[in-house]
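**Student:** Would you mind keeping the following structure in view while I ask a few things?
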Amino acid sequence: MFKYTSDNKRYHTLNYYFKKNYGHKLYKAVIDCGFTCPNIDGSKGYGGCIFCDGGSGYFTKGELDIAEQLKAESERIFRKNGTVPIIAYFQANTNTYAPAEKLRDIYYKALAFPHIEGISIGTRADCLSDDIIDLLCEINSLTNLTVELGMQTIHESTIKLINRCCTHDEFIRGYYKLKQNNIRVCLHIINSLPFETAEMMTETARQTALLRPDCLKIQMLHVIKGTKLAEMYKEGRISLMSREEYIDTVVKQLELIPPETVIERITGDGDKSKLIAPDWSRDKIAVIGGIDKELAVRDTYQGRLYKP
């Protein structure tokens with residue numbers, strides 16, 4: 001029934017993509033290069049996005065240099081999986097927010113590390129100047145490159161509220177810069193952002209589908225200690241989706257997404273030592289299993305309602 005699967009999954013998993021394209025799974029080694037963001041350092045705003053805690057670098061060791069970080073990460077991965085191919089994942093904050101020559105040095109250090117078969121770069125769509133695009137094209141010619149863009153939502157009212165400091169139009173322009181240069185792009189969307197209805201979240205998925213991204217990460221909003229979002233939550237100004245509501249929304253979103261788009265994430269990891277809510281998000285397996293079950297119960301699958 002669903003083309004892009006070799007098991008019972010009804011959506012296009014990253015595991016399926018890896019095995020079809022490389023013949024084996026690749027493992028991500030997360031890196032923190034000490035970058036900041038334009039909505040943190042005052043270039044466009046201050047404080048970062050209201051949900052941000054350290055630029056999503058929960059599992060990184062930013063106090064070490066790149067080679068030391070990759071060594072620590074590869075040892076962690078190899079202990080569990082044996083010697084396997086690795087993707088160097090520049091995860092924390094905005095990893096194209098620096099001069100191109102500095103970035104070139106950093107990226108090439110990652111490429112030179114043993115067992116690296118790809119690079120994934122998390123960044124913002126408004127941090128893709130022409131010289132950065134040229135550099136990314138250069139890296140793309142040398143390895144399997146993915147650029148990850150935090151879209152979160154298409155709704156300008158929410159974009160302002162979460163302090164993204166990058167309009168949707170700016171996002172679209174940056175996205176197409178990458179696509180016009182044949183660079184693989186992964187978009188991130190977040191469900192349960194403040195004051196968004198389920199219909200708004202579904203509309204974000206519908207508009208995302210029109211972009212035909214190479215891959216997509218879907219996750220629940222996490223309330224993390226020390227963030228502006230945590231203050232809003234404690235004051236009772238916002239509410240969060242239940243697990244059942246999240247599962248229902250994700251199923252409806254998957255139905256709209258092109259079947260060839262790889263779903264790299266369908267739920268997310270927060271730092272459990274800092275997670276305030278939702279508590280149900282701690283059980284990642286239960287959330288994924290709930291989505292699988294609901295897709296089967298409804299006899300539906302990714303792309304069933306997709307309209308080019």
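**Student:** How large is the charge dipole for segment 14-297, taken about the Cα centre, if only the Cβ atoms of Lys, Arg (+1) and Asp, Glu (-1) carry charge, to the nearest 20 debye? All intermediate terms of the calculation are to be shown ahead of the outcome.
**Tutor:** On the way: 35 positive and 38 negative charges, 109 e Å.
Charge dipole of segment 14-297: 520 debye, to the nearest 20.
**Student:** Against the globular-protein guess of 2.2 N^0.38 Å, express the Cα radius of gyration of segment 1-155 as a ratio, rounded to two decimals.
**Tutor:** Taking N as the residue count of segment 1-155, the ratio is 1.11.
**Student:** Pull the list of the chain cysteines that no other Cys approaches to under 4.7 Å, Cβ to Cβ.
**Tutor:** Cysteines lacking a close Cβ partner in the chain: C33, C37, C127, C137, C165, C166.
**Student:** Taking a cut-off of 17 Å between Cα atoms, list the aspartates and glutamates near K44, but don't count ones fewer than 8 places away on the same chain.
**Tutor:** Here the aspartates and glutamates satisfying the reach criterion relative to K44 are D126, E156, D169, E170.
**Student:** Oh, and also: If R0 is 35 Å, what FRET efficiency do you get for D7 and L142 from their C-beta distance, rounded to 0.05?
**Tutor:** The value I calculate is 0.60.
**Student:** Another question, if that's okay. Given a Förster distance of 41 Å, report the FRET efficiency between M232 and A112 from their Cβ-Cβ distance, rounded to the nearest 0.05.
**Tutor:** 0.40
**Student:** Moving on to the next point. Given that just one value was derived from the coordinates, which of (1) 18.6, 52; (2) 19.8, 61; (3) 17.8, 57 is Rg and Dmax of the Cα atoms in Å?
**Tutor:** It is the value labelled (1).
**Student:** Hey, can you rank 112-121, 284-293 by average C-beta count inside 10 Å, highest first?
**Tutor:** Going by the mean number of other Cβ atoms within 10 Å, highest first, we get 112-121, 284-293.
**Student:** Can you order the peptides 140-153, 1-14 by their average number of other Cβ atoms within 10 Å per residue, highest first?
**Tutor:** So the order, starting with the most tightly packed, is 140-153, 1-14.
Every number in this text was worked out from the coordinates using simple rules, so none of it is lab data. Every value quoted in this text rests on a predicted model; they were computed, and no experiment measured them. Cβ coordinates were reconstructed from backbone atoms using ideal geometry, including for glycine residues, and neighbour counts include every protein chain displayed.
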